[in-house]
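Notes to accompany the following structure.
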Amino acid sequence: MSDDRYEGDDWRAERVKDIQKTCDKFLAQTNFLVSATDDGDSKSAVKILITGAASNQKNIFLLHSIAEGQMLGPTQNVILICYGDQKASIILQEMVNELKDCFLPLLADVLVTTDEKEAFTGIKIALLLDSVANDERSSLGKYQDTFRMMKEYGHSFNYTGSNVKILVISEPVLINALILRRHCQAVPPKNIASLSLTPLNVTKYQLFYDSSSFKVAKKMDAQPDRIKNLIMWGDDPHTFTYDLSRSTFKEGSEWKHLPTVLANEHWVKNYLPELVKERIQKLASRTESSLIVLSRAVCEQVYSWWFGLPNNDIKRMGVESDGSYGITKGLYADFPVTINSNGEYNIVRDIEITPTHQLKIQAINERLLDYVHSIQDWPMFQQNQLLA
């Protein structure tokens, strides 16, 4: 049977359109694809901005994890917005094509853009992944390009408004979070946080926290999810110490104070740091493993920040200091925090600090101040003091 639509010079284009409509209808019926223009839940999809994803093609692990629901849960549709320059957009488009090939049900849409306004408008979550290649400059000098990007992003968030959660992942995370905070007038300070466990290398040392919980659980012959509220002080693998004063352990159906169950302070002080350090050295040499762990850490951090933590549970988070524990007010540092159901965090202020822990905290503060003072006079920061 002939069809008038397929006559003339444009018949091939019309035929392709019909085939595409048939495919889209089939995919929608089988729930393999959720279109951003469909009716229903996709209209409430959360827009997530990712900057710097092209800096490492293996960041596809993170994008895939978000689209699978590991960040906002198994029922929340998401729209991913990948932002970068023209060169980055070529790499990003390949990553996007790979995501589309997976037909992920929660992925309402994914967009690659070089347009600042398009990228930053209407987003609810921003993940800043930008990184620079290692070079021969000083430890902070090599990050000049990243610092400049943080300053520019601070102005870009004027398109976003105040209702956005920004997680800084690009190294050096605590310094980048501080720079962003000082140049970002539209977003409240409490909506800017970092993933860090150290000022200069989040990718490697984020592994410490997860590995520490795992080692404690193994010592207790239990699953890691039975250990909660493990607190770490220090910002370097050689100086980390562990505080179990708030830690709990689930024995049967009952949560118990971990120190009373473990009752082995010598193991915590001496063997736990060495066990974790050994594990990290092995993982850090395997880039792919580190990126998978980092992807999980980012998703878990945002999930906790978005939905809150139950029962006043504690987690470690890079946030702006209010002066607690002797950390200079205004610096970004890692603190134990609780997060309520509205996604608002509060620093836990009543933890009893031992002399050993206080020395670690003092060293952190001095190191962070040294970093800030060493870049404060750079031309890019002369109009905005990093610390008041």
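The values are calculated or read from the model by the stated rules, or taken from the named source; none is laboratory data. Small disclaimer: the values here were computed from a predicted structure and weren't measured. Neighbour counts are summed over all protein chains in view; Cβ atoms, including those assigned to glycine, are modelled from backbone coordinates with ideal geometry.
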Those residues of the range 224-266 that are modelled with pLDDT of 75 or more, on the phi > 0 side of the Ramachandran plot and among the hydrophobic types (A, V, I, L, M, F, W, C) come to a total of 0
If you go through Val302, Val319, the only one that is buried (at least 20 other Cβ atoms within 10 Å of the Cβ), over 24 Å from Val372 (Cα atoms), touching a residue at least 60 places away in the same chain (Cβ under 8 Å) and not charged (D, E, K, R) is Val302
Of the conditions (1) free of Cβ contacts under 8 Å to residues at least 24 places away in the same chain; (2) under 26 Å from Tyr143 (Cβ atoms), the single one that Ala297 does not satisfy is (1)
Next on the checklist: Quick check on the range 193-205. Is at least one of its residues among the β-branched types (Val, Ile, Thr), modelled with pLDDT of 90 or more and not in a loop (DSSP other than H, G, I, E, B)?
Outcome noted: no
Restricted to the range 322-342 and to residues being of a type outside the set (Val, Ile, Thr) and not in a loop (DSSP other than H, G, I, E, B), the residue surrounded by the most Cβ atoms within 10 Å (Cβ to Cβ) is Tyr332
- Task: Looking only at the range 288-304, decide whether some residue is farther than 29 Å from Leu178 by Cβ and either modelled with pLDDT under 75 or of a type in the set (Ser, Thr, Tyr) (or both).
- Result: yes
Quick check on the range 346-362. Is at least one of its residues in contact with a Phe, Trp or Tyr (Cβ under 8 Å, 6 or more places away or on another chain), under 21 Å from Leu72 (Cα atoms) and assigned to a helix (DSSP H, G or I)? no
I'd like to know if the range 332-340 contains one or more residues that are more than 19 Å from the chain's Cα centre (by Cα) and touching a residue at least 12 places away in the same chain (Cβ under 8 Å).
no
